[in-house]
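Take a look at the structure set out below.
Taken together, the values in this text are just the output of simple stated rules run on the coordinates, not laboratory data. From a predicted model like this one, the values you see are computed outputs, not experimental measurements. Backbone-built Cβ (ideal geometry, glycine too); neighbour counts: all protein chains shown.
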Amino acid sequence: MSFASYHDNIELGDTVILYLSPTELEAITIKRGGVERNKFGDFPHANMIGKPFGSKIYAMNKRSWIMALYPTPELWTRALPHRTQIIYSTDISLVAMYLNLKPGSVVIESGTGSASLSHAIIRTVAPTGHLHTFEYHEQRAQLARQDFEAHGLSHLVTVRCRDACKEGFGLERVADAVFLDLPSPWDAVESATRALKGPGAKLCSFSPCLEQVQKTCTRLRALGYQDIITYVGLIRHLSFSHTKMQNFVIRPNPKGTNSNKRTAEQSEATDGDAQSVQPSAKRENIEAEDEETQASETAVVGNPGVKWAPIEFATEFMTGRPAPSVRHARPHGIFDLCDTPMLSYCFRGDGLIVQNDQ
Ligand SMILES: C[S@@+](CC[C@H](N)C(=O)[O-])C[C@H]1O[C@@H](n2cnc3c(N)ncnc32)[C@H](O)[C@@H]1O
């Protein structure tokens, strides 16, 4: 099998990613007579062979099932055996985009570590590009070679066991991009610069500490690099739930009885420029709308004065606080939270304006 191509049905020798639950993935190699044993039961490999990737596989006890998935680099990153800290898909996608990686790119990477990033790079540069990956830890370099071999990627990658800081890369003007995930990347940038093809080629260094970033930037500037940019990649996990909010007063709909039409117009007007509108500008608009609401006595939709209002409520998963600037389209309209830590206003799809009364 190859991570860089696809086939439909599970075969002997394939790497399969087993989906046990949303947070539990496991990678196995399909073997003759093999049995996957986990908390959900026993799953003989023979029951997987010939099934399409994505199939439900039932345990011997028939009570539970898992799913057998094709090994994409993203799934591999979540299931691989950790030999080191690894880079995850959020950062990998930023790196691949800003390094402008594409089929045919030649990339240098150090260190290889657990080869999480390597798999994504290889998939991106295939079928005509190449990854040169450098790892000074002999066992890690060897295990990475074995992984690439098992995943049908050996022709797209060269693993070298070498100290990238002390010995350099030993490559001249070959690379479209160099990626460094090293404890002291500043010691590798000079050699990395020699390995780059020239103007337009890009270098990225990934560091967990700002001090490392500062030192690397200083060295890069000294070497004449321009447009040095530092990014932080963050995932914001939002959770939407239907709930009732206390201390909210429902006001009449200001724009007539056709509340759905009003909502559709509102969605159209706000959807397009959602990214560009400043939070303060949004709030001004909303305040203007609210004045209008108070002026209008027509078209009462809902029950003015009701202190409980059911709304679709967005919270930020990590903080548990209402998510700022969240827009959530629903079949019957749009829901909009404004940019304040406390929810202050929202437009509802059924044409009501719900205002925080506090
Ligand atoms: C954090 S890990 C890299 C993880 C990798 N990016 C991934 O996604 O799996 C850093 C690796 O760099 C290797 N390393 C550290 N210094 C090195 C050097 N001077 N030359 C080559 N490899 C080095 C370490 O042995 C380690 O395996």
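Between residue 178 and 108, 202, 203, 204, the built amide H atoms are under 5 Å apart, and every one of these is 5 or more places off in sequence or on another chain. Label-to-label distance for residue 46 and residue 166 is 5.3 nm, based on points extended 7 Å past Cα in the beta-carbon direction.
For segment 15-71, what relative contact order do you get, as a whole percent, if you take Cα pairs closer than 8 Å and at least 6 residues apart? If you can, show how the numbers build up before the last one.
Values: 101 pairs, mean separation 20.3, N = 57.
Once normalised by length, the contact order is 36 percent.
Scoring 22-35, 60-73, 197-210 by mean Cβ neighbours within 10 Å over their residues and listing the highest first yields 60-73, 197-210, 22-35. If you stretched the chain out fully between residue 209 and residue 226, how much longer would it get, using 0.36 nm times the residue separation minus the C-alpha to C-alpha distance? So the extension gain works out to 4.0 nm.
Placing a label point 7 Å from the Cα of residue 88 along the Cα-to-Cβ direction, the residues of segment 101-143 whose backbone N falls under 17 Å from that point are 114-118, 120. Here the label points at residue 137 and residue 234, each 7 Å from Cα along the C-beta direction, are separated by 3.0 nm in the simple model. The label-point distance for residue 9 and residue 128, in a model that sets each label 7 Å from Cα toward Cβ, rounds to 3.4 nm. Looking at segment 1-54, the chymotrypsin sites (Phe, Trp or Tyr not before Pro) that sit in a DSSP loop and have at most 14 other Cβ atoms within 10 Å of their own Cβ are 6.
Could you compute the FRET efficiency for residue 72 and residue 194, with r as their C-beta to C-beta distance and R0 at 35 Å, rounded to 0.05? Once rounded, the FRET efficiency stands at 0.55.
Count Lys and Arg as plus one, Asp and Glu as minus one, and take only other residues whose Cβ is under 9 Å from that of residue 133; the net charge is then -1.
Here the convex hull built on the C-alpha positions of segment 80-222 has a volume of 100 cubic angstrom per residue.
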